[in-house]
1. Would you kindly derive the ³J(HN,Hα) couplings of the stretch 26-40 from the backbone phi angles with the Karplus curve 6.51 cos²θ - 1.76 cosθ + 1.60 (θ = phi - 60°), listing them in order in whole Hz, with x for Gly and Pro?
2. Relative to 2.2 N^0.38 Å, what does the C-alpha radius of gyration of the stretch 71-123 come to as a ratio? Two decimals please.
3. When averaged across all projection directions, what area in nm² does the alpha-carbon convex hull of the chain cover?
4. In the stretch 133-171, what trypsin sites (Lys or Arg not before Pro) fall in a loop by DSSP, with at most 15 other Cβ atoms inside 10 Å?
5. Between Ser17 and Val70, what is the FRET efficiency for a Förster distance of 30 Å, r being their Cβ-Cβ separation, to the nearest 0.05?
6. Please give the length that would be gained between Glu169 and Ser62 if that part of the chain were fully extended, namely 0.36 nm times their separation in residues minus their C-alpha to C-alpha distance (nm, one decimal).
7. Could you check which residue among Ala127, Ala36, Ala56 shows the biggest mean-square fluctuation in a GNM of the chain with a 10 Å Cα cutoff?
8. So what are the ³J(HN,Hα) numbers for the stretch 51-61, from phi and the Karplus equation (6.51, -1.76, 1.60; θ = phi - 60°), rounded to whole Hz, Gly and Pro as x?
Amino acid sequence: MVSSLDGYIAKKDNSVSWFETPDSYEKGVHITEQDAKEFLKTIDCYIMGARTYEHALELSKSYGWVYGDVPTIVLTHRKLPVDRPNIEFYAGDLNHFVDDRLKPYYKNVWLVGGAELAKDFIRLSLADEIRQSILPVILGNGIPFFDRIGKEQTLHLKNVTAYKTGMVELCYEIRK
């Protein structure tokens, strides 16, 4: 998840225009397009909620479908448009979903969003790690990432990377 320093993943209007920040950190790592492509190749399946899917569909009109041909499962009870053969929908128990639909077929599943879905996976102990990229901006309000998660969760820091853009990526293993 990408967030502001104060923990918001989007503005109240769902805008993410603040993702482009003019900061520069000279000690940071420069990420190349090739690095990003190599990382994305490791993802077997994307999971997202309905609002994230609708937002991704809207963005795809300008930027293309960023998830490529990788299987993408949208968790929703609503009827949503499908414009790609690799999109599936699921409505039901998350424990069964993970055990029956994910574990037998996929090794590296990426939960794209949104915040409610991420909180559900963390709350039910279905997530293995959290990658949070913090951008150098304070929004002051918006849609929070970890609002009312409902339980204490201990983590183990696996990695920290500071980038030339001023973004810091934290990777935590979720202790179970």
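Computed from the coordinates by the stated procedures, all read-outs in this text should not be read as laboratory data. In this text the structure is predicted, and so the values were computed from the model without any measurement. So basically every Cβ, Gly included, is an ideal-geometry build from the backbone, and we count neighbours across all protein chains shown.
1. For the stretch 26-40, the Karplus curve yields 5, 7, x, 7, 8, 9, 9, 4, 5, 4, 4, 4, 4, 5, 4 Hz.
2. 1.14
3. Answer in nm², one decimal: 10.9.
4. Here the sparse-neighbourhood loop sites are Arg148, Lys151, Lys164.
5. E between Ser17 and Val70, to the nearest 0.05, is 0.70.
6. 35.9 nm
7. Checking each option, the largest mean-square fluctuation is seen for Ala36.
8. Residue by residue, the stretch 51-61 yields 5, 5, 4, 4, 5, 5, 4, 4, 5, 5, 5 Hz.
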